[in-house]
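Read the structure below first, then the notes.
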Amino acid sequence: MAKFYGVGTGPGASDLLTIRGKEIIEMVDCLYTPESKKGGKSLALQIVDPYLRTDLTIKQRHFPMVNDWEQKRSAWNEITEEIVADVKKGLNVAFITLGDPMVYSTYSYLLERLSNKIETETVSGISSFCQISNNLQIPLVIDEESYAVLPATADESTIRTALEQISTIVLMKVSTALPKILKILTELELLDHTILVSDSSMDSEKVMIGLNELNEADQLSYFSTMIVYKNRELKGS
């Protein structure tokens, strides 16, 4: 029986794709991959490229990155209908998404629409913040510590409360809200406790430990993440 798979590709390096994810990519008949701009390159597709069969059907579909929710829902509904039609034809179909499918992924909106129409399976991937902590060998949390994951686009009071009350705070999508984040970190005297990683695990990866030299006008990659380690002494900061 044909099935739909959601596969997390991990943060960027092809060899960080899970074994289960690789097996599914190699098995399916049709692969959907998201693009934020029409005709743009899909990073998720680049990650899985070493595992693609030559006869695989690839469908790159546009997911609008806009504030217009009606436009977003229209795109999700259209893509959902196409996926359902493919599976009902007897095709095994996969959708790939950066990082983990359950962490800030458009895939969640597709799954919500698909789960009662066709059989689905979701395969986890390595989140960027987990890869960052492992690569730098800095524990996210130990003992009785806590951690929180927030989008940098959250309102200032939410971010400030998390930074005041939680041991380790992950801030994702920081390129879209850098002035606000730097202002809060400066006021809470947390610049020396913060690392910034852009393009984690990719050839273009950049790491900054301690943010005193970071300027709010600096241009960051869209794939930039900050981790605030309030209980760690960061080497190099």
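The values are calculated or read from the model by the stated rules, or taken from the named source; none is laboratory data. Note that this is a predicted model, so its numbers are computed, not measured. Here the Cβ is made from the backbone with ideal geometry for all residues, glycine too, and neighbour counts use every protein chain on show. Calculation scope for accessible area: heavy atoms of the full protein, side chains included, ligands and nucleic acids excluded. Shrake-Rupley method; radii C 1.70, N 1.55, O 1.52, S 1.80 Å.
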- Of the numbered conditions (1) of a type outside the set (A, V, I, L, M); (2) part of a helix (DSSP H, G or I); (3) at positive phi, Thr161 satisfies every one except a single condition; which is it? (3)
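Restricting the search to segment 76-108, which residues are of a type in the set (S, T, N, Q) and more than 18 Å from the chain's Cα centre (by Cα)?
Let us first name the residues in segment 76-108 that are of a type in the set (S, T, N, Q), namely 77, 80, 92, 97, 105-106, 108.
Result: Asn77, Thr80, Asn92.
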- Confirm whether Glu145 is more than 22 Å from Tyr104 (Cα to Cα), open to solvent by 40 Å² or more (accessible area, probe 1.4 Å) and in contact (Cβ under 8 Å) with a residue 60 or more places away in the chain. yes
- Item | Within segment 118-142, considering residues that are free of Cβ contacts under 8 Å to residues at least 60 places away in the same chain and among the aliphatic types (A, V, I, L, M), the one most open to solvent (accessible area, probe 1.4 Å) | Ile142
- Message: Let me confirm something: among Glu145, Glu112, which residue is modelled with pLDDT of 95 or more and outside the structural domain of Pro101 (by TED's automatic domain parsing)?
- Response: Glu145
- Message: If the requirement is being under 28 Å from Ala148 (Cα atoms) and loosely packed, with under 15 Cβ neighbours inside 10 Å, which of these qualifies: Met1, Met65, Met27?
- Response: Met65
- Query: Do we find that Ser157 is touching a Pro at 6+ places or on another chain (Cβ under 7 Å) and among the small types (Gly, Ala, Ser) in this structure?
  - Reply: no
- Residues of segment 160-188 being surrounded by 19 or more Cβ atoms within 10 Å (Cβ to Cβ) and of a type in the set (Ser, Thr, Tyr), which ones? Thr168
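Out of all the residues in segment 172-191, is one or more part of a loop (DSSP other than H, G, I, E, B), at pLDDT 95 or above and either touching a helix residue (DSSP H, G or I) at 6+ places or on another chain (Cβ under 8 Å) or among the β-branched types (Val, Ile, Thr) (or both)? Working first, answer last.
Residues of segment 172-191 part of a loop (DSSP other than H, G, I, E, B): 173, 177, 188-190.
Okay, now just the ones that are also at pLDDT 95 or above, so 177, 188-190.
Subsequent filtering for residues that are either touching a helix residue (DSSP H, G or I) at 6+ places or on another chain (Cβ under 8 Å) or among the β-branched types (Val, Ile, Thr) (or both) retains 188, 190.
Scanning segment 172-191 turns up at least one residue that is part of a loop (DSSP other than H, G, I, E, B), at pLDDT 95 or above and either touching a helix residue (DSSP H, G or I) at 6+ places or on another chain (Cβ under 8 Å) or among the β-branched types (Val, Ile, Thr) (or both).
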- Note on the structure: If you go through Pro34, Pro11, Pro101, the only one that is at pLDDT below 95 and in contact with a helix residue (DSSP H, G or I) (Cβ under 7 Å, 6 or more places away or on another chain) is Pro34
- Task: Identify, by number, the condition in (1) within 15 Å of Leu234 (Cβ to Cβ); (2) surrounded by fewer than 16 Cβ atoms within 10 Å (Cβ to Cβ); (3) not basic (Lys, Arg) that Met208 doesn't meet.
- Result: (2)
